[in-house]
1. State which residue pairs qualify: first residue touching a residue at least 24 places away in the same chain (Cβ under 8 Å) and inside segment 62-77, second residue open to solvent by 50 Å² or more (accessible area, probe 1.4 Å) and assigned to a helix (DSSP H, G or I) in any location, beta carbons under 7 Å apart, and separation of 6 or more residues or different chains.
2. Among the residues of segment 7-41 satisfying the criterion of being among the hydroxyl-bearing types (Ser, Thr, Tyr) and surrounded by fewer than 15 Cβ atoms within 10 Å (Cβ to Cβ), which is farthest from the chain's Cα centre (by Cα)?
3. How many residues are part of a strand (DSSP E or B), touching a helix residue (DSSP H, G or I) at 6+ places or on another chain (Cβ under 7 Å) and of a type outside the set (Phe, Trp, Tyr) if we restrict to segment 56-83?
4. I'd like the residue in segment 81-102 that is among the charged types (D, E, K, R) and under 17 Å from Gln46 (Cβ atoms) and, out of all such residues, is modelled with the highest pLDDT.
5. If only one of Val103, Val96 is without any contact (Cβ under 8 Å) to a residue 40 or more places away in the chain, closer than 23 Å to Thr14 by Cβ and of a type outside the set (Phe, Trp, Tyr), which one is it?
6. Only one residue in Glu78, Glu52 is more than 29 Å from Lys118 (Cα to Cα) and either crowded, with 17+ Cβ neighbours inside 10 Å or at pLDDT 90 or above (or both). Which one?
Amino acid sequence: MKLKTLAGAYPALTKLASQDMPTIILYRFSKILEALEPDIRFFMNQRGKLFEKYGTLENGQYVVIEENAQKFTDELAELEDIEVETDCDKLGLPLVIPISTDVKLSYVDLCFLEGILKLEEQEE
């Protein structure tokens, strides 16, 4: 899994983390989150350093300086392209959540969570 994919999934993961779920699903989800969090944190920190390196602080946010835009874009693409070592079998990915579980996710969330989470109907 690319670091970009993981970073893109982060908002949906945090949204899912605030949901009430059956205990067994919550336990599995917490283990997945614990395993992925260091990589997400690494990405956020490195991206922040790129903004500091190639930008200026304006109104509390970093804005990339125009003459640094290409360098910033190139280095960000290199960061995003890092392959994250995830043992899907060990992590239990994708995490299967029954559709009957009342989680609130958008279609965009589901797209970002592809490969991490799967909603399924349970057979009775």
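1. Leu76/Arg47
2. First, the residues of segment 7-41 that are among the hydroxyl-bearing types (Ser, Thr, Tyr): 10, 14, 18, 23, 27, 30.
So of that shortlist, the ones also surrounded by fewer than 15 Cβ atoms within 10 Å (Cβ to Cβ) come out as 14, 18, 23, 27, 30.
Values: Thr14: 9, Ser18: 15, Thr23: 22, Tyr27: 18, Ser30: 14 Å.
Looking at residues that are among the hydroxyl-bearing types (Ser, Thr, Tyr) and surrounded by fewer than 15 Cβ atoms within 10 Å (Cβ to Cβ), I get Thr23.
3. Keep residues of segment 56-83 that are part of a strand (DSSP E or B), which gives 56-58, 61-64, 83.
Within this subset, residues satisfying the condition of being touching a helix residue (DSSP H, G or I) at 6+ places or on another chain (Cβ under 7 Å) are 62, 64.
Next, only the ones that are of a type outside the set (Phe, Trp, Tyr) stay: 64.
Counting residues in segment 56-83 that are part of a strand (DSSP E or B), touching a helix residue (DSSP H, G or I) at 6+ places or on another chain (Cβ under 7 Å) and of a type outside the set (Phe, Trp, Tyr) gives 1.
4. Across segment 81-102, the extreme among qualifying residues is Asp81.
5. That would be Val96, the only listed residue that is without any contact (Cβ under 8 Å) to a residue 40 or more places away in the chain, closer than 23 Å to Thr14 by Cβ and of a type outside the set (Phe, Trp, Tyr).
6. So the residue among Glu78, Glu52 that is more than 29 Å from Lys118 (Cα to Cα) and either crowded, with 17+ Cβ neighbours inside 10 Å or at pLDDT 90 or above (or both) is Glu52.
The values are calculated or read from the model by the stated rules, or taken from the named source; none is laboratory data. Everything numeric here is computed off the predicted structure, so don't read it as measured data. So basically every Cβ, Gly included, is an ideal-geometry build from the backbone, and we count neighbours across all protein chains shown. Calculation scope for accessible area: heavy atoms of the full protein, side chains included, ligands and nucleic acids excluded. Shrake-Rupley method; radii C 1.70, N 1.55, O 1.52, S 1.80 Å.
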